[in-house]
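Below is one structure; the comments refer to it alone.
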């Protein structure tokens, strides 16, 4: 029995050894090199289409966009009203009419004017009487009928009467009567109870506050006439930006109502006082409106160039958009290797983007051709 058991165990052991020798060892897994997908090594062909260099500081000039409006140039504006209390008997112009200097706008019937005219007529008659008295006194003095003192008395009365006529004439001129019409009063010895409201300038009737039959007084404004070929562009400038503007500076103006047409003008006035409620300063520019395109109270946008400011900036050609964010390729320790890095950018000016975060002046980046470099990076990533 012992021999049989020994033989069985020997056969089993040989079978185990044979099986172990026939099995091959398991292969060792190969380790793959991990490649950063944001890295790109420039080939010679790519280097020919790419420009690299340092990040620099660039002078930015901001464009300030300030809302404003068109106003009538007050130097070319005239306000007309009654020169005496009375009732409007005729109206000769309507709102929007073009008028000439001296043209009649309305006629006012006034009993008060008739009283002033009567005073002028009486003063003229008295002056004529005193003039005749002086002429007669001269003749009597030559005939030795009166004394020189009597002639002097009558000449004094004539001078006083002449002064009264001049005062009455001046009063009528103040009330709006023309000199030739006043002269006719003295000749005809009869008054006219009507006064005219005339335009002082050539322009457009932009306001009419008169109605037929309306009783008016000298303090009332009946018509506003304006020459709209010259207008003002007016804006309230925030006080923080006042240092950027000055009188005589050329400005650009956008007019939304005219399909954002751009006009130019010169700042003629910058206020000296800050509005405490709005913290702004009023400024205005003179605008030529010979084509009559601009209307008073039309909304505009005034564009002003701010003071130049040095900022860290990169060319727009250095920027690529990835995952809805801005990136640039920054040089690594290897001269031809670049890494895609996120940056925060701000304003745009003359082909440059302001850098807010992510870069400093002097950093080496791809300045031009970043699009080609990014395509190469994507190609490598897909391999």
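Bear in mind these aren't lab numbers, they're just calculated from the coordinates by the rules spelled out. Everything quoted here is computed from the prediction, not taken from an experiment. Heads up, the Cβs are rebuilt from the backbone with ideal geometry, glycines too, and the neighbour counts pull from every protein chain shown.
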Quiz item: To the nearest 10 degrees, how steep is helix 2-22 against the longest Cα principal axis of the chain, on a 0 to 90 scale?
Solution: 40 degrees
Quiz item: Contour minus end-to-end for residue 249 and residue 215, with contour as 0.36 nm per residue of separation and end-to-end as the Cα-Cα distance?
Solution: 7.4 nm
Quiz item: What angle do you read, to the nearest 10 degrees and between 0 and 90, between the alpha-carbon axis of helix 111-142 and the longest principal axis of the chain?
Solution: 40 degrees
Practice problem: Can you tell me the 0 to 90 degree angle between the C-alpha axis of helix 148-174 and the longest principal axis of the chain, rounded to 10? | Solution: 30 degrees
Exercise. Going by C-beta contacts inside 10 Å, put 377, 347 in order with the fewest on the left.
Key: 347, 377
Quiz prompt | Relative contact order (%) - criterion: Cα under 8 Å, at least six apart; region: the chain | solution = 27 percent
Quiz item: What does the helix-only formula give at 222 nm for the chain: each DSSP H stretch with n ≥ 4 adding -39500 (n - 2.57), the total divided by the residues, and the result rounded to the nearest 500 deg cm²/dmol?
Solution: -9500 deg cm²/dmol
Quiz prompt | Projected label distance in nm at residue 290 and residue 51, using a 7 Å step from Cα toward the beta-carbon | solution = 4.3 nm
Self-check item: Footprinting exposure proxy for 280, 43 (fewest neighbouring C-beta atoms within 10 Å first)
Solution: 43, 280
Quiz item: residue 174 label point, 7 Å along Cα→Cβ, cut-off 13 Å on backbone N: hits in the stretch 94-130?
Solution: 116
Self-check item: Label zone at residue 122, where the point sits 7 Å out along the Cα-to-Cβ direction: the stretch 158-172 residues whose backbone N lies under 17 Å
Solution: 160-172
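Just check the stretch 111-191 against the gyration tensor rule for me: Cα atoms, a ≥ b ≥ c as the square roots of the eigenvalues, rounded for a/c under 1.5, and otherwise prolate or oblate depending on whether a/b exceeds b/c.
In terms of gyration-tensor shape, prolate.
Please work out the FRET efficiency for the pair residue 229 and residue 163, using the Cβ-Cβ distance as r and a Förster radius of 56 Å; give the result to the nearest 0.05. Please report the intermediate quantities before stating the final value.
Numbers: r = 45 Å, r/R0 = 0.80.
It comes out at approximately 0.80.
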Quiz item: Fewest first, what order do 327, 230 take by the number of other Cβ atoms within 10 Å?
Solution: 230, 327
Exercise. Please compute P(r) over all alpha-carbon pairs of the chain, binned at 10 Å starting from zero, and give each bin as a whole-number percent.
Key: 4, 13, 12, 11, 11, 9, 8, 7, 6, 5, 4, 3, 2, 1, 1, 1, 1, 1, 0, 0, 0
Self-check item: Inter-site label distance for residue 378 and residue 264 at 7 Å from Cα along Cβ, in nm
Solution: 4.3 nm
Exercise. Using label points projected 7 Å from each Cα along Cα→Cβ, tell me how many nm separate residue 109 and residue 36, to one decimal.
Key: 9.9 nm
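Stretch residue 357-residue 61 to full length: gain in nm at 0.36 nm per residue minus the Cα-Cα span?
Separation in residues times 0.36 nm, less the Cα-Cα distance, equals 104.6 nm.
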Quiz item: Over the stretch 111-191, what is the mean sequence separation of C-alpha contacts under 8 Å (at least six apart), divided by residue count, expressed as relative contact order in percent?
Solution: 47 percent
